[in-house]
Protein chains: 2
Amino acid sequence: MYTDHSTTEIDTLLAKSEAAFYQYKNLSLKERAHFMRSIAAEIEALGEELITAAQKETHLSEKRLIAERKRTIFQLNSYADAAEQGNWLEARIDLGDADKTPSKPDLRKMLVPLGPVVVFGASNFPFAYSTAGGDTACAFAAGCPVIVKAHPAHVETSTLVARAISKAAEQCNMPEGIFTHIYGADFKVGEYLVKHEAVKAVGFTGSYSGGRALFDLAAQRKAPIPVFAEMGSVNPVFLLPDKLQQDHQWLADKMAASITQDMGQFCTNPGLMIAVKGGALDQYVKQLLVKLHEVTPSKMLHKGIARNYINNMQTAITQRHVDVLYQSDNKLGEEDGMVTIAKVPGKYFLTNVQLRQEVFGPYSLLVECSDEAEMLKIAQHLEGQLTTTLMATVNDINNNSGLVNVLQEKCGRFIMNSVPTGVEVALAMQHGGPFPACTDSRFTAVGADGIKRFARPVSFQNWDNEFLPDELKNENPLNIWRTVNNQPTQAAVGKV
Amino acid sequence: MYTDHSTTEIDTLLAKSEAAFYQYKNLSLKERAHFMRSIAAEIEALGEELITAAQKETHLSEKRLIAERKRTIFQLNSYADAAEQGNWLEARIDLGDADKTPSKPDLRKMLVPLGPVVVFGASNFPFAYSTAGGDTACAFAAGCPVIVKAHPAHVETSTLVARAISKAAEQCNMPEGIFTHIYGADFKVGEYLVKHEAVKAVGFTGSYSGGRALFDLAAQRKAPIPVFAEMGSVNPVFLLPDKLQQDHQWLADKMAASITQDMGQFCTNPGLMIAVKGGALDQYVKQLLVKLHEVTPSKMLHKGIARNYINNMQTAITQRHVDVLYQSDNKLGEEDGMVTIAKVPGKYFLTNVQLRQEVFGPYSLLVECSDEAEMLKIAQHLEGQLTTTLMATVNDINNNSGLVNVLQEKCGRFIMNSVPTGVEVALAMQHGGPFPACTDSRFTAVGADGIKRFARPVSFQNWDNEFLPDELKNENPLNIWRTVNNQPTQAAVGKV
């Protein structure tokens, strides 16, 4: 039904993306924002049809999908607001001084779009990190045309959303080529896109192997392009002694819900719990298992994900010194996720790198440490993570400053007494982290700062005011915040 | 005299860099700034000895070196100011809301340092883009320890500056390992550094081949790291018809000086001039040659650079349809640069990619176009540049909006009626540009925004105020600008 695009077709389409770029980049922030809000409205207008299609393709619940659609619409609207507000432009003006020796030139800088962006969405967020998801919204906000490769696991959903985007583009008189929807079940289609000369950046959400492959292709180009790949992580949760003692029931409630929510199919799923052995930990485990027993498993996203989950989980739990503490019954056949909790002593975790691999699904490994020194050692050996979490009292924090110092280096988001699942769409959100959580820890996939992945600064030197972009004109017609002679201000130049 | 460091020695030194990182990153902005200002003072205190050493190693004039030292000191001091002012931290606070469903968490984000940074300096800026140059200053400002590989062409100068940095580090009680000076005439030393697990980012200024090699090594690591390589460019200058007609004498004066300043050994040297043929252009060329005759050539930086220059220049001028318009006599032997101006018709330039290569030295190629349409075509075919320049009247700009639209996509700095040489150290400066001018167009090598190359955001979710970094505490004790609930402000939280 959905035939892969041929390379010839892609060439023709990308020539249009390139042409569209030279028009779209010159549209005002207001026009970009209006386009984004129109996309949001068109997605909403798809109504029940969209939810039904996504339910069929992903096994996600109607409730979850309605919430995710709301999030997707919120992203489009809030990044539109941010695009218009203009803080992301990092507008800077350093006024010239002809009397200096040598004379100081007038310099004005702002972010401009990179060019056409290819987006690869995630299977677990068919709306919010797919066709009109965070990456697409950020690229449009930055001023870039977007090329989406339809996710093979929800191609019908993707087609519906693509239609909504195209409808909005038409209504807003966007240039032809502003948005392109490519079918490619074959990996070669994605490869061709990433290597294409017209493409200037890539946004990806998915597995480590997929993200790494695209990163390598982009780096090997004659002219390399940036790839922001968010590749998930194990999201370690450190349960400190005093907190365990005081709040084991609360912790068990929170963690059981976080591990099993939507069958653990989140890149922020807590796949690792680290604690010092003892009575408080035993208490916590007992209560955790009680809570897990109460969870009714549902089907995973699709067969491939379920198969991978079972394989990876089996590999993990059959490692030496790993004990299974809990596993739910398989009642749903081959798409059943089987909630699983396992345990390993700290010293064996330290020597077995296999146990540090993400197991995407409702799985979490408890690492039982002999003491706090071993817990610190484990922190030091962690790879980059989207999140690290400390469950800790004031006493715990004061007693473990070394641990706090190390954990900050391992993550993009450092959480205190809360669970890692649930990624708020907000400017202060960081969704990224040191490799292998993502390919460039300096950028975020969530929040309006994600726009900056697809933009670069240009300095205008010695330009007449009339020819400058509105964003940099003396009179500040857009009323944006700018840094003039090193001071943030909304004032017009000359009236600082 | 300067033996290459062995891999074992490097391992030991980099273990110290790593340890230093865990201390240095927690020092206050004020302490970092104080350290940077102390380095500046120690460089100044080296006095005549430093200038003498650099003169001997680079053939740069005393006057130029004194100016460059001043620039280096200015960079250290002004980036110290910027570090302390804290705008670069991009501090964002989104206050939580427990009453929302689901409840909104408290999120606070700021930039934190990446970790130890390796710096490879440039031969043409023995102070400002070498041992204590822009990259080193930015890394220290960001909170990163620095490892400098001494440039083999000015290793004595580098050693003196390294001594000044170490002295400042001692005075300021910096952790051991905050700064490391590595000798490596062999490329393998650089390779070993870039591949080393302790290294988290690379700054490089130099040739395309060198920068690309380091970029590839870093991308191929198990955990890739960002490489900011500034690799120079040809810096095309478009001379538009009306401007040529009105200002040919002024243009000739400016361009002759820009092409020959310090024997053209700048990454912003104008290596390409593009204009439509005709009487005004002939006038300009005549006056340009007169001005070039008045220039007294000096020796190039070192024999290797001179040899490369002669080779590359010879390759360029022996291409078919290329005519030499001017060449200075060789009076200084094998280190003489020989100022050279050549000319090629636009249609041959378009078909010969060899002519787009940078010729590092006092060389510029005039591309004579048959009309403005050909000029636009040339602009479209340009690779990424540090700068593009328009010499244009208001009429010219109005008549060439297509050209302006294209040229902006080709550069990091877009100059109007001024020359590309002379890179102001200012926040609004962009020194970078699309590949191959640099490896990541989203960052700059000059100006305080360069600090952000070596830093990444971390979000703190749900933290008690007392444990947050000072930068993010409610009371805003450092009085920095922060974005609170999407609004820039210096106010304390609760008093917005």
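Quick note: the coordinates plus some simple rules give every number you see, no bench work behind them. Because the structure is a prediction, the values reported are computed rather than measured. Note that each Cβ is placed from the backbone with ideal geometry, even for glycine, and that neighbours are counted across all protein chains shown.
A few points about this structure:
- Per-residue mean of foreign Cβ neighbours for B:450-460 is 6 (Cβ atoms of other chains, 10 Å radius).
- Based on Cα atoms of the protein assembly as shown, Rg over Rh with Rh as the Kirkwood radius reads 0.98.
- Nearby lysines by direct alpha-carbon distance to residue B:452 (threshold 23 angstrom, same-chain neighbours under 8 apart not counted): A:109, A:200, A:410, A:452, B:25, B:30, B:109, B:149, B:195, B:200, B:410, B:473
- Relative to the longest principal axis of the Cα atoms of chain A, helix A:155-171 runs at roughly 20 degrees.
- In plain terms, the bigger the Kirkwood radius, the slower the diffusion; for the stretch B:148-238, with that radius from Cα pairs, at 37 °C and 0.692 mPa s, Stokes-Einstein puts D at 221 µm²/s.
- Hull volume in cubic angstrom per residue (convex hull over the Cα atoms of the stretch B:236-416): 100
- The 3J(HN,Hα) values that the Karplus relation (6.51, -1.76, 1.60; θ = phi - 60°) gives for the stretch A:83-91 are, in residue order, 4, 6, 4, x, 4, 5, 5, 6, 5 Hz. Gly and Pro appear as x.
- Paramagnetic reach from residue B:188 in the stretch B:1-41 [backbone N under 18 Å; point 7 Å along Cα→Cβ]: B:2-12
- Pairwise label distance in nanometres, residue A:327 with residue B:491, each label 7 Å out on the Cα-Cβ vector: 5.8
- The mean sequence distance of close C-alpha pairs (under 8 Å, at least 6 residues apart), as a share of the length of chain A, puts its relative contact order at 18 percent.
- Working note: Cα gyration tensor of chain B, eigenvalues times five, square-rooted, sorted largest first, giving semi-axes of 42, 29, 19 Å.
- Taking other C-beta atoms within 10 Å as the exposure proxy, A:291, A:410, B:63 rank B:63, A:291, A:410 from fewest upward.
- Distance from the stretch B:327-372 to the stretch B:76-139 (C-alpha centre basis), Å: 40
- Straight-distance candidates among the lysines for linking to residue A:243, with alpha-carbon spacing under 18 Å and chain neighbours fewer than 8 residues away dropped: A:254, A:277, A:286.
- Reachable lysines, given that their alpha-carbon falls under 17 Å from the alpha-carbon of residue A:299 and they are not under 8 places away in the same chain: A:56, A:63, A:331
- Number of partner chain Cβ atoms within 10 Å, mean per residue of B:104-112: 5
- Each of B:117, B:458, A:234 was scored by other Cβ atoms within 10 Å of its Cβ. Listed from fewest to most, they are B:458, A:234, B:117.
- Taking amide H atoms as placed 1.01 Å from N in the peptide plane, the amide H of residue A:437 lies under 5 Å from those of A:384, A:385, each 5 or more residues away in sequence or on another chain.
- Integer Hz, Karplus 6.51/-1.76/1.60 couplings in order for the stretch A:459-472, x for Gly and Pro: 9, 9, 10, 6, 8, 5, 3, 5, 9, 5, x, 3, 4, 10
- Modelled label reach - residue A:56, point 7 Å along Cα→Cβ, the stretch A:154-173 residues with backbone N closer than 13 Å: A:154-160
- Likely footprinting exposure, A:425, A:118, fewest C-beta neighbours within 10 Å first: A:425, A:118
- 3J(HN,Hα) from dihedral phi, the stretch B:133-149, Karplus parametrisation 6.51/-1.76/1.60, rounded to Hz, x for glycine, proline: x, x, 5, 4, 4, 5, 5, 4, 4, 5, x, 9, x, 10, 10, 9, 8
- Applying 1/(1 + (r/R0)^6) with R0 = 35 Å to the Cβ-Cβ distance of residue A:352 and residue A:394 gives a FRET efficiency near 0.55.
- Dividing the summed -39500 (n - 2.57) terms of all DSSP H runs of n ≥ 4 by the residue count of the protein assembly as shown sets its mean residue ellipticity at 222 nm at -12500 deg cm²/dmol.
- In chain B, the longest principal axis of the Cα atoms and the axis of helix B:208-220 are about 30 degrees apart.
- In nanometers and ordered shortest first, the copy-to-copy spacing of the residue A:63 label point, defined 7 Å from Cα toward Cβ, is 7.9.
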